[in-house]
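Each remark here refers to the structure printed beneath this line.
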Amino acid sequence: MFSPRNTESPNPFRPAVQYLVSPGRPRSNHRQSSSSGSLDSDGEGARSRMPPSDCNELRPASIPLIIISGSASPARRPPDCSPNSDTDDDDWGDNPSSTQQPFFMQDRAKFTGWRRFMYGGGAGQFFFNTPLGWQLYIGILVLWLGGCQIGLTIMNRIIMWSGYLQENYTSHTNLIPLIAGVYKFPYPLTTALIQMLITHGCLLLSAYITRWVSPCLNSAGLSGGVAPSRPWQTPLAVKFGGKNAGFWDHVSRWTAYKTGGIAGGGLFEFDLQIAKLVLPCAVIFVAKVVLSNLSFAYAQLQIYILARIAIVPLALFFTYFLGGTQHSVSAISSALTAAITLAIATVPQTSIQVTWESVAAGVLSSIFVALYPVQLQRTYKSLVASLVPQGDLLGTFPSSTSPDFSGTREEACAYWRLLHYISLLSILIFTPIVILSGELAIIWRNYYILDVFFHWLMVLSSGTGSWAVFWATIALTRATSPLTTAFLFVPRAAFLLPVMARLRIPAYAWVGIVVSWISCAWFLMARRRDGRELGRLR
């Protein structure tokens, strides 16, 4: 039936490429011949009888440009070309690109000076892809965290020890009476709760700021610092009003629709599974803050530091047994030497009145201070793993117009989720403790400085410092190690001791502080060498 004799064309089953190169015609012109039973059309039969020189159908010039490869194009796809575009481009910042940009910026070399640093991913490539830039990035984090911790300690001293500072510093400087005043606010739990609330508000503000400046961060190669604007699993949109929606309609949309906020899930984002994962870290954080403030409020600085001197040895213990980190001999020796010499420097020369409650709170707080960075690292890794489906790889930022080395989308989302849930759960856990302590009732009935502007200025400053310490602790822990974060206790205490004592300390204390600073430099060199061996300095 289908032999060459019964057809107009000797080859009824032609290759598919011949149909691709043949000129298109309406389907109505294709008909079956009743006389010969041919499967081809009349035009196709006529073409089959053309001379061989005119029917070279495999010429390269006749093959249409049809992409049949499954590989992705090096150019970034527009947002509407992907089924997951609403979770790719719109989730990171508020300014998604609308034009195709090449993945590798070929014209980056034309930028000079600061433009080379701010465009084409220059900043991200320098800080996260070169050894010098990575060391500089770690140094900035260390200086930022250490300086903010020192400032927060001084602010808390002013708030809770204003009378002490007024009495002891009036004859030596004219600045302390101005900033200390004559009032004292000896309520550490209430102070800590106010600082937590301010910290949460500053986190919310900083998340929106990173979204507003996301075009600049993306062009500089720092997309890893941009907070996600939508949750990882984008919910169905809910419409509130029309074009003439009022102010309260916008407020209801902002609070009800799960976008924005700190981690992209809305102002009141709360996922039970994530909360269960972050809950141990939040409990440790609350215990650390409560015990540290109790010891700080009822003990002098020397006793406070001496009671917490076990932070570094406990950090070595927890990072080895819980974190599975192998420390070098140089790192262990330098860390222990710095802690021992700091303990010698803090031994008081004269008798000091000490309460056992402050000492016990300080000793217990050292356990949670050393355990907190370890749990932070474990929780952060768990959050990143929960965002990556099994068998997939970590994804980059599709909205970035240049190579970005600052981190993946999963790492950025896990970082902001960790900030949000630790802050939120800490407030929920700590608020009943403050209410049950009775401090709020005492303050409301007996304290008459609540209308003093300078008092609330100091509280606001301490809350801002608490926010800076909070996010920098997580950033330094994920960039280096829990031991490095815990070890910052030593240089901070070695700086505060002579400053708060007006440089009037005995000779043995000076020797201990100098040896402690030398041990800190030794620890820095040991960690730098260990980081190179482990490939941290990329």
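The values are calculated or read from the model by the stated rules, or taken from the named source; none is laboratory data. Note that this is a predicted model, so its numbers are computed, not measured. Every residue, glycine among them, receives a Cβ derived from its backbone with ideal geometry; neighbour counts consider all protein chains shown. All accessible areas refer to the heavy atoms of the entire protein, side chains included, with ligands and DNA or RNA removed. Shrake-Rupley method; radii C 1.70, N 1.55, O 1.52, S 1.80 Å.
Of note:
- A Förster radius of 35 Å combined with the Cβ-Cβ distance from Ile442 to Phe317 puts the calculated FRET efficiency at roughly 0.35.
- Neighbour net charge for Leu364 - beta-carbon separation under 14 angstrom, K R +1, D E -1: +1
- Taking all protein chains together and rolling a 1.4 Å probe, Trp416 ends up with roughly 10 Å² accessible.
- Amide H partners (placed H, <5 Å) of Arg230, local residues excluded: Gly260
- Computed from label points 7 Å out along Cα-Cβ, the spacing between Ser330 and Arg116 is 3.2 nm.
- Its relative contact order, with pairs defined as Cα atoms under 8 Å and 6+ residues apart, puts the stretch 295-372 at 60 percent.
- Computed with a 1.4 Å probe on the full set of protein chains, the accessible area for Lys276 sits at about 120 Å².
- Each residue was assigned an accessible area with a 1.4 Å probe, and for Arg445 the value is about 150 Å².
- Surrounding net charge for Ile513, when Lys and Arg each add one and Asp and Glu each subtract one, Cβ distance under 14 Å: +2
- Residue order for Asp271, Asp530 - accessible surface, 1.4 angstrom probe, largest first: Asp271, Asp530
- Using the Cβ-Cβ distance between Leu503 and Lys276 with R0 set to 60 Å, the FRET efficiency works out to roughly 0.75.
- Ranked order, Tyr415, Tyr508 - accessible area, probe 1.4 Å, largest first: Tyr508, Tyr415
- Contour excess over end-to-end distance, with Cα ends at Arg532 and Val514 and 0.36 nm allotted per residue: 3.7 nm
- Among Ser481, Asn446, Ala507 - extreme Cα towards positive end, dipole of the stretch 443-538, charges at beta-carbon: Ser481
- Mean shadow area of the stretch 429-538 over all directions, Cα convex hull, nm²: 11.2 nm²
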